Amino acid sequence: FHVKGLTRTERAGLAPIIIELADAGDPTAEKIILDAVGELSAMAIACCKRLSLTRPDVVLLGGLFSHPRLQRLTQNRILETYPEARICRPKLSPASGALLKALKACGAEMSDLTLENLRRTGKATATI
């Protein structure tokens with residue numbers, strides 16, 4: 001959903017308000033949530049189909065997925081099409097993931113301590 005005149009940041013700032021209203025039973029907010037879940041799920045499903053994946057690993061990345069209900073609704077939608085999909089939240093921030101990839105490309109050895117430090121400083125998110 002897009003609102004003309006609002007920046008991406010301003011639109012993102014509306015999400016917690018809409019989620020709160022939906023949780024309180026507001027039907028318009030609920031429709032917005034369900035529409036957003038439908039669009040996000042459809043994009044993930046389209047990517048899986050385009051890549052001919054049958055058992056995809058899907059990472060729910062972004063602030064909206066910090067809300068358990070949105071995680072669950074999106075996960076359920078994807079699982080309707082891909083029942084064997086593995087769906088999770090990221091273990092590392094995108095920056096930590098990029099750093100890990102760069103370190104691996106340079107041939108650096110990854111100790112358990114290095115990975116734990118990345119998780120701790122990269123604001124790790126629990127998996128679903």
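The values are calculated or read from the model by the stated rules, or taken from the named source; none is laboratory data. All values reported here derive from a predicted model rather than from experimental measurement. Neighbour counts run over all protein chains shown; Cβ positions are idealised from the backbone, glycine included. Side chains are part of the model used for accessible areas, which takes the heavy atoms of the whole protein and leaves out ligands, DNA and RNA. Shrake-Rupley method; radii C 1.70, N 1.55, O 1.52, S 1.80 Å.
Miscellaneous remarks
- Length-normalised contact order of the chain in % [C-alpha pairs under 8 Å, at least 6 apart]: 20
- Region 90-98 - phi-based ³J(HN,Hα) in whole Hz, Karplus 6.51/-1.76/1.60, Gly and Pro as x: x, 8, 10, 5, x, 5, 5, x, 5
- Selected from R69, R50, R77 as most flexible by GNM, with the chain as the system and alpha-carbon contacts under 10 Å: R50
- Computed over the chain, the alpha-carbon pair-distance distribution with 10 angstrom bins reads 11, 32, 32, 19, 4, 0, each value a whole percent.
- Among S66, S111, S41, residue whose mean-square fluctuation peaks in a GNM of the chain (springs only between Cα atoms under 10 Å): S111
- Amide H contacts under 5 Å for I87: V58, restricted to partners 5 or more places along the chain or on a different chain, H placed in the peptide plane at 1.01 Å from N.
- When shorter helices are ignored and each DSSP H run of at least 4 residues is given -39500 (n - 2.57), the per-residue value for the chain at 222 nm works out to -19500 deg cm²/dmol.
- Under a model in which nothing but the beta-carbon of Lys, Arg (+1) and Asp, Glu (-1) is charged, the chain shows a dipole of about 360 debye around its Cα centre.
- Highest-MSF residue in the chain out of A42, A85, A95 [GNM, Cα springs under 10 Å]: A95
- Counting only protein heavy atoms and a probe of 1.4 Å, the accessible surface of the chain is 59% carbon and sulfur.
- Accessible surface, per residue, of the chain when the full set of protein chains is kept, probe 1.4 Å, Å²: 70
- Region 9-124: Lys pairs at Cα distance under 29 angstrom, eight or more positions apart or on different chains: 8
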